[in-house]
Structures are given as C-alpha cells and as structure tokens.
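> One structure coming up, written as structure tokens, with questions to follow.
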Ligand code: GAR
C-alpha cells in the first residue's frame, strides 16, 4: 500500500477525484492517510471528513513566523509517515526542509502545460487568464515531482486540452480540470503505487 498525504488549500475537486478513483476501484494499492490544509475553511477538509479520511489544518495564522509554520507543517506531514505527498491545489510554498526530506516523493498538479504559464505567481485562475491573454489554442495540465524550484521538477504526466473561442478563465479552468487534472492526477498516483508494489515484490 502506498500511504498518501494530500495537501490542499481550497475547494478540493482534485482531492475528490482521487477519493472517487480509490472508492470505485480505479486507483488501487493506495491508502489516503490524511488531508492537510493551510486554510481552516477549505471545503477540501469537509470532503475528506465525509469520506472518513483524517483531516487537519496547519495555518500560517497560527504561528508568529514562517519558519515556525514550516516546521509545524513538516511535523504534521512526518506524523502521517507518508510514502507520497500529493499537492492537490496546495497554494503555499513547500518548506525547503520538506523538499529535502522527501525527494521524488512529492508531486504537484499544475493547470497548464509546463513550461508554459508556470512559476511564481501562476496559480489557480491566474494561469488561465495568462493563457487566454497569450491566445494559446491548446493548454492543459501537468503532474510533476516537486524540487527546490517553483514548478521546475521532473514531469510525470501531461494532458493537452483545447482552448475554445469565447472561453473565460473560469470556463477554461473547468474544462482543464474535467479533461486533464481529474484524470492525470489519479493516474500519476497509480504509477507511483505500482512502482512501490514492484519494488516490494523484489
Ligand atoms: C487546480 O486547478 C490546481 O491545478 C491548481 O489549483 C486548483 C485547485 O483546485 N493548482 C495550482 O495552480 C498550483 N500552482 P481544487 O482545490 O478544486 O483541486
């Protein structure tokens, strides 16, 4: 079993896709060990609780300094003993110590075809606003390993999605979620669960 911790900040539709895939057997060999949010009001936390997954909040607001928050977030993650950490719409910079401690064991979903529209400042709707402003005809989503940079780690999976005439950022965001993000994030987790399974078998 691959023990997975999912880190979220908001609505949690990617988390929901992972949960649905596990519950209906499309994603196997995976245990959703816990969900952590930086935001106490994140609907993602409710989604987790509704499905019996331990859900906790570690917010920067609870700490005097960023270093203290970073240490608390790392301690919370360590406490889960995860094999894999999935950033599913986690809009906080990952503590450098966490990146060092979990090499090739943190993955992120980004709503564009990296290296387009990624890096500092490109998150959520801003990514789709930038894609529409540039006039690209194709966008999509990327799952990549997290390294010390922002959206710079090795790419695991990508899926392209058509941009249509008259798209608003919200419409494009939804199409990319439905056609790419909710598909390739569970797929990437399955790849890593299969890899662990093969390693365990010898
Ligand atoms: C998703 O579109 C995800 O790709 C994006 O935030 C959204 C979270 O939605 N992540 C980033 O922009 C990371 N740079 P969700 O909470 O409904 O899964």
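> Once label points are set 7 Å from the Cα along Cα→Cβ at both residue 194 and residue 178, what is their separation, rounded to one decimal in nm?
Rounded to a tenth, the inter-label distance reads 2.7 nm.
> If you don't mind, another one. Decide, for region 1-146, between rounded, prolate and oblate: order the square roots of the alpha carbon gyration tensor eigenvalues as a ≥ b ≥ c, take rounded if a/c falls under 1.5, and otherwise choose prolate if a/b is larger than b/c, else oblate. Could the numbers behind the result be given before it?
On the way: a/c = 1.62, a/b = 1.23, b/c = 1.32.
Since a/c reaches 1.5 but b/c is at least a/b, the shape of region 1-146 is classed as oblate.
> Have a look at 75, 141, 55 and tell me which one the Gaussian network model of the chain (Cα, springs below 10 Å) gives the largest fluctuation.
For the chain, modelled as a Gaussian network with Cα springs under 10 Å, the answer is 75.
> Can you compute the FRET efficiency between residue 28 and residue 170 using 1/(1 + (r/R0)^6), with r the Cβ-Cβ distance and R0 = 41 Å? Round to the nearest 0.05. Don't jump to the answer; show the numbers that get you there.
On the way: r = 34 Å, r/R0 = 0.82.
Working from the Cβ atoms, E equals 0.75.
> Right, something else. Helix 13-23: angle to the longest alpha-carbon principal axis of the chain, degrees 0 to 90, nearest 10?
60 degrees
> Next question, about the same structure. Enter the angle in degrees (range 0 to 90, nearest 10) between the Cα long axis of helix 125-134 and the first principal axis of the Cα atoms of the chain, meaning the one along which they spread out most.
30 degrees
> Another one. Relative contact order for the chain using alpha-carbon pairs under 8 Å, separation at least 6, rounded to a whole percent?
Here the relative contact order equals 21 percent.
> Between helix 66-80 and the chain, what is the angle of the helix's C-alpha long axis to the longest principal axis, kept within 0 to 90° and rounded to the nearest 10?
Roughly 70 degrees between the two axes.
> Next question, about the same structure. Report the antiparallel proportion of the DSSP beta bridges in region 68-161 as a percent, rounded to a multiple of 5.
Antiparallel bridges: around 75 percent, rounded to the nearest 5.
> Here is a follow-up. Determine, for each peptide in 121-128, 21-28, the mean count of other beta carbons within 10 angstrom over its residues, then list the peptides with the highest first.
121-128, 21-28
> Using R₀ = 41 Å, calculate the FRET efficiency as 1/(1 + (r/R₀)^6) where r is the Cβ-Cβ separation of residue 65 and residue 133; round to 0.05.
Taking R0 as 41 Å, the efficiency between residue 65 and residue 133 is 0.70.
> Per DSSP H run of n ≥ 4, the term is -39500 (n - 2.57); total these for the chain, divide by its residue number, and report the mean residue ellipticity at 222 nm rounded to 500 deg cm²/dmol.
After summing the helix terms and dividing by residue count, I get -11500 deg cm²/dmol.
> Classify region 54-117 as rounded, prolate or oblate from the Cα gyration tensor: take a ≥ b ≥ c as the square roots of its eigenvalues, call it rounded if a/c is under 1.5, otherwise prolate when a/b beats b/c and oblate if not.
In terms of gyration-tensor shape, prolate.
Only the coordinates and a few stated rules stand behind these numbers; no lab work does. Computed from a predicted model, the values in this text were never measured in an experiment. Because the Cβ atoms are built from the backbone with ideal geometry, glycine has one as well, and the counts that use them run over all protein chains shown.
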